[in-house]
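Derivation of every value follows stated rules applied to the coordinates shown; laboratory data play no part. Bear in mind the structure is a predicted one, so any value in this text is a computation, not a measurement. Using ideal geometry, Cβ is built from the backbone for each residue, glycine included, and neighbour counts are taken over all protein chains shown.
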Amino acid sequence: MTAKNSDELQGKVDCYCRHGGESGLELGGEFATLLIRNMHNHSAILKAVFEGYALPPLGEHGIHHWARVFENGLTIAESNGADIEVVALFALFHDSRRVNECIDDGHGLRGALFAESLRGKLVHLDDARFDLLFEACKFHTDGLVVGDPTLQACWDADRLDLGRVGIKPSRQRLCTDAARDLLDWAHDRAVCWYETTDILSSWGWRSA
């Protein structure tokens with residue numbers, strides 16, 4: 001991206017942050033990603049997550065999984081109109097308070113409560129939008145398929161990455177047509193533990 005294009009993109013982000021939907025700007029691609037970075041400090045959130053994270057950062061439920069969930073979620077959101085900010089935060093919080101890599105009852109609720117503890121500090125959502133984040137985290141392993149489009153985008157984003165643990169999601173257990181369209185692409189990336197370097201870099205993470 002040229003400096004001119006970068007400045008134009010930042011100008012659009014600034015306009016959207018001031019006027020929201022009234023700006024007439026459509027979300028998608030680099031605009032969506034940059035917009036999210038302007039709303040929340042993902043690097044600071046990631047630091048807070050790791051301060052109390054009980055598992056290996058590069059494990060099955062670690063940072064590479066979160067980054068793929070982030071990208072899956074934003075791609076789904078472009079199609080189903082999900083709240084991209086909530087989807088992005090879901091990627092960071094949904095497994096943030098796991099204590100093992102296997103069955104871990106209640107870890108979604110613990111992640112939701114951790115996000116709640118950061119409200120007004122690192123998490124800046126109004127009550128309605130935070131309720132979506134809380135519900136998305138709390139119920140993400142319950143197999144639900146019906147709900148608000150933002151919940152559906154979050155849950156599908158996570159399910160699309162099951163290939164990393166040897167499971168290919170069933171199309172019938174995905175919530176959205178967008179996720180079903182992405183299934184083969186996302187599964188291939190999950191199986192090979194694809195590293196989403198651009199997202200990781202934007203979070204301030206540097207691979208060894």
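The table below lists the values:
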{"item": "Relative counts (whole %) of C-alpha pair distances in the range 67-111, using bins that are 10 Å wide", "result": "29, 43, 26, 3"}
{"item": "Ranked Phe90, Phe130, criterion: other C-beta atoms within 10 Å, fewest first", "result": "Phe130, Phe90"}
{"item": "Burial ordering of Cys102, Cys154, fewest other beta-carbon atoms within 10 Å first", "result": "Cys102, Cys154"}
{"item": "Cα gyration tensor, the range 40-202 - rounded (a/c under 1.5), prolate or oblate", "result": "rounded"}
{"item": "Packing-based exposure ordering (other Cβ within 10 Å, fewest first) of Leu122, Leu109", "result": "Leu109, Leu122"}
{"item": "Proximal charge balance of His64 [Cβ under 14 Å; K/R count +1, D/E count -1]", "result": "-4"}
